[in-house]
Amino acid sequence: MTAEGRRGLAIIGGGKIGEALLSGLVRRGGPDGLLVCERSPDRAAQLSERYGVPAFDLGGAAARARVLLLAVKPQDIDVLLGRLAEFVDDGHLVVSVAAGVPTARIEAALPAGVPVVRVMPNTPALVDEGMSVLSAGAHAGEADLDEAEALLAAVGRVRRVPESQQDAVTALSGSGPAYFFFLVEAMVDAGILLGLPRALAADLIVQTALGAAVMMRDTGEHPVQLREAVTSPGGTTIAAIRELERHGVRAALIAAIEAAHARSVELGAGQS
Ligand SMILES: NC(=O)c1ccc[n+]([C@@H]2O[C@H](COP(=O)([O-])OP(=O)(O)OC[C@H]3O[C@@H](n4cnc5c(N)ncnc54)[C@H](OP(=O)(O)O)[C@@H]3O)[C@@H](O)[C@H]2O)c1
């Protein structure tokens, strides 16, 4: 098939993130123009059946699709690129969600001039509330970023940053869901300490987390203003805030995110 005959998107690697993107795209626009490429034939058949999209091998996928979305683990990307190189040209757009893998490494493994966009997604993409952050490689222009953004918008919000900020993004929004899960877990434990049934405590806290998140997103107010609005003089909230400060929770969060950033830099440099 010629470059002009290519259309649509191939998802290469149909694991958790690949399937989240596939399901979001099918929900938004139907299966037309989508295809998958999966190492495991059983998994390929499962995705084909579940979403009504065809499955191809790498050569077949690259011959048909203009956009190739690489959703394999970082440790599998070099082998994948080695196999993909012979099927790719500068008429493709390669979008990679592999955490910590620089665009320069992808470009170096592919023929010269292939546009590459790197994305840091996160797992709330599974429920269409993802935060995806894009960076252009050396050969990707605004139109390529627009195209990648339109894809990722199927599963949540999208922002663009220079690639030099991707390690910080990984530490904030990439790993971020885990910090919120950890906080919720601790707050549910507190409910149990106070004698509430676990299921009730979880219900209260999860809905409170959701409500607080929607308020932050939709009111446009600063978190400090929103917190002050529920912190009345001599009240319950200020008693809790004093304990959070006394136990250094703010400093702990800053140190934790700094550690995640350092680890992302290490992984990007190829240290295991
Ligand atoms: N999950 C997250 O929270 C998250 C967040 C941000 C970024 N990411 C990034 O997203 C990428 C995918 O993560 P994931 O959690 O979705 O991983 P995953 O569930 O392991 O999915 C990867 C899939 O790709 C398949 N695969 C590997 N090599 C292949 C090849 N050469 N051709 C076709 N398929 C191939 C794997 O098959 P096998 O099962 O046979 O290995 C697997 O089904 C990673 O690079 C990760 O850094 C993930």
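Only the coordinates and a few stated rules stand behind these numbers; no lab work does. These numbers were taken from a predicted model, which means no experiment stands behind them. Every residue, glycine as well, gets a Cβ built from its backbone with ideal geometry; the counts of neighbours run over all protein chains shown.
Some observations on this one:
- Shape annotation for region 176-268: C-alpha extents along the principal axes are 45, 31, 30 Å, from largest to smallest.
- Working from Cα pairs under 8 Å separated by at least six residues, relative contact order for region 72-214 is 17 percent.
- Only Cα pairs under 8 Å and 6+ residues apart enter the sum, and on that basis the relative contact order of region 1-53 stands at 40 percent.
- Debye-formula intensities of region 7-101, expressed as log10 I(q)/I(0) at q = 0.18, 0.19 Å⁻¹, are -0.74, -0.83 (one equal scatterer per alpha-carbon, no solvent).
- Mean separation of Cα contacts under 8 Å, 6 or more apart, over the residue count of the chain: relative contact order %: 13 percent
- For the chain, the spread of Cα positions along each principal axis, largest first, Å: 72, 38, 34
- With respect to the chain, whose longest principal axis is taken over its alpha-carbon atoms, helix 176-193 is tilted by about 30°.
- Other residues within the sphere of radius under 12 Å centred on the Cβ of Arg83, judged by their own Cβ, net out at -3 (K and R +1, D and E -1).
- For the peptides 43-51, 214-222, 7-15, the ranking by packing is 7-15, 43-51, 214-222, with the highest mean count of neighbouring Cβ atoms within 10 Å listed first.
- Sequence-ordered 3J(HN,Hα) estimates for region 112-119 from the Karplus curve with 6.51, -1.76 and 1.60 and θ = phi - 60° stand at 4, x, 5, x, 10, 10, 9, 10 Hz, glycine and proline given as x.
- Here the 3J(HN,Hα) profile of region 130-144, calculated from phi with Karplus coefficients 6.51, -1.76 and 1.60 at θ = phi - 60°, is x, 10, 10, 10, 9, 9, 7, x, 5, 10, 9, x, 4, 5, 5 Hz, Gly and Pro shown as x.
- Couplings for region 5-12, taken from phi via the Karplus curve 6.51 cos²θ - 1.76 cosθ + 1.60 with θ = phi - 60°, read x, 7, 8, x, 9, 10, 9, 9 Hz in order; Gly and Pro are left as x.
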